[in-house]
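What follows is a single structure, written as structure tokens, with notes after it.
Every number here is computed from the coordinates shown, using simple stated rules; none is lab data. A quick note: this is a predicted structure, and the numbers were derived from the prediction, not measured. Cβ placement follows ideal geometry from the backbone for every residue including glycine, while neighbour counts extend to all protein chains displayed.
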Amino acid sequence: MRENSDIRFNALKHHLGFLREEIYRWKALEWPRVAEELLKLGNNQFDLYAGLLPVAAILGGISQILIRNGTADREQLRTWLGKKGYRSFELSDGSRWVVRESGHDGLAHIHPARHQPLVQRVKASHVKTIVALLWSLTDPLSLTDANQPLERSTPFINRIRRERLGLSPVRSLEESRRIAQTFRLILGPDQMP
């Protein structure tokens, strides 16, 4: 969770660049630690901002919007958010963001708005699978099952999901393709095994 004064932003689930950095950091850790940190991704889908603004620029831009609108405390923020309980706005790169009152520490919680060019919806289980695949590919024994493109490696994917993550198996080639698409989004096509 990244914070800028009173703004809460889960960069792990909502910022592609930050997620990439974490994945590379995880590759250097022992698996039990990685598995523990993967729990932070939850079990649902989430919206991942794939634009070029760094986390600090997003937090800074949103902070300026909140300051300009006089939201110094929870009551002012609630008034500004209105009956809907949220507002959306655009940052300098054209990306849209949603601000809500934070249910935890801090004043406001932000996340990227859905259905826009710079945001991709991904499944947490796909991201966890990708991390487990990358971590497992550092093990030479696991390479014996990965001699084909990821899309056609359903048995390999299922073995990693079962052994590393305790997840249910992928039941179709289409699901393997969706995992491969998420892999390309997160790490780029040059990093495909």
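What the table below lists for this structure:
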item: Hey, F18 surrounded by 15 or more Cβ atoms within 10 Å (Cβ to Cβ), under 9 Å from the mean Cα position of the chain (by Cα), farther than 20 Å from H115 by Cβ and among the aromatic types (F, W, Y) or not; result: yes
item: When residues of segment 91-134 are limited to those that are out of contact with any strand residue (DSSP E or B) (no Cβ under 8 Å at 6 or more places or on another chain) and of a type in the set (S, T, N, Q), the one nearest to R162 (Cα to Cα); result: T129
item: Per-region count, segment 100-113, residues surrounded by 12 or more Cβ atoms within 10 Å (Cβ to Cβ) and either assigned to a loop (DSSP other than H, G, I, E, B) or without any contact (Cβ under 8 Å) to a residue 60 or more places away in the chain (or both); result: 6
item: Test result for I130, over 30 Å from V170 (Cβ atoms), touching a helix residue (DSSP H, G or I) at 6+ places or on another chain (Cβ under 8 Å) and among the β-branched types (V, I, T); result: no
item: Which listed residue is over 18 Å from S136 (Cα atoms), of a type in the set (A, V, I, L, M) and over 10 Å from the mean Cα position of the chain (by Cα), from A35, A50, A57; result: A57
item: Matching entry among G70, G61 (being part of a loop (DSSP other than H, G, I, E, B), over 23 Å from I186 (Cα atoms) and not charged (D, E, K, R)); result: G70
item: Selection count where residues are of a type in the set (D, E, K, R) and surrounded by 17 or more Cβ atoms within 10 Å (Cβ to Cβ), scope segment 82-95; result: 1
item: Inter-residue pairs, beta-carbon under 9 Å, first in contact (Cβ under 8 Å) with a residue 12 or more places away in the chain and in segment 63-84, second of a type in the set (F, W, Y) and in a helix (DSSP H, G or I), 6+ apart; result: L66/W80; T71/W80
